[in-house]
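All remarks here apply to the structure that follows.
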Amino acid sequence: MNPVPPVIPIFIDSIPPECSTGIKNFMKQVLPILFCILAIVLNWFIYSSTTEKINRYKHTPPFPAYDYTLSTTGIFPLLDGDHTTYWMKGRDGAEWDFDIELRFSHVLKNDQYQSIPYTELSIVPCEGYPPISINMELVKREGINVDKELRLPKEELIEKINIRDIKEPFIYDISKHFSKTESKYEYDGFNMYIIALKARLLAVQGKACIADIEIRE
């Protein structure tokens, strides 16, 4: 196999005849090395960026998140696990201020879908802001294949949760809803579901701030 890519001889042959033979020989030696280095760098970049995305999705799967308040901060700071970023409520939403899908109920292990025993819902208010009061609905949302089924997913209420005047990280016990462990060999779109949270904050615009929301095992 010729180690010199086809583009290199063409480029070299385009050098004017008056150029010395030494320059041509030098380019024949150097250009293949430069192409190899470029290929290595590009492969490393693809690998590192892919690994970063996989690690990020392990913590924050790429589920939809809706901000009905048109916040200037965007909704995704709620889901990044970083307590230094935050979501600031904009205007009042019609029914809910936001609707975020948090985690999937099962994980694929050893060719089986195994349920995850979630134990707590964590809410972290922003430091330096007034305490927050929030009405929430924790729901399970059907994990349908939207490429095959053109309809809205079915929902089932897990629990209504109303908390008042919290200014420190708050933990709510949800273990009673996820204590049953099970394994399935086939995908079941409703009994294997997405856990979502719909919430409305009882505060005026610019006075409600949340740094992070997540459910944990």
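The figures follow:
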| read-out | value |
| --- | --- |
| For Ile134, net neighbour charge (Lys/Arg +1, Asp/Glu -1) across residues whose Cβ lies under 12 Å away | +2 |
| Gain on full stretching of the segment that runs from Gln112 to Asp80 - 0.36 nm per residue minus C-alpha separation | 8.7 nm |
| Restraint check, Lys160/Lys180; Lys140/Lys207; Lys109/Lys180, Cα-Cα greater than 27 Å | Lys140/Lys207 |
| Relative packing of 175-184, 63-72, which averages over residues the other C-beta atoms within 10 Å, highest first | 63-72, 175-184 |
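Quick note: the coordinates plus some simple rules give every number you see, no bench work behind them. Worth saying up front: this structure is predicted, and the values here are computed from it rather than measured. Ideal geometry is used to build each Cβ from the backbone, glycine not excepted, and the neighbour counts take in all protein chains shown.
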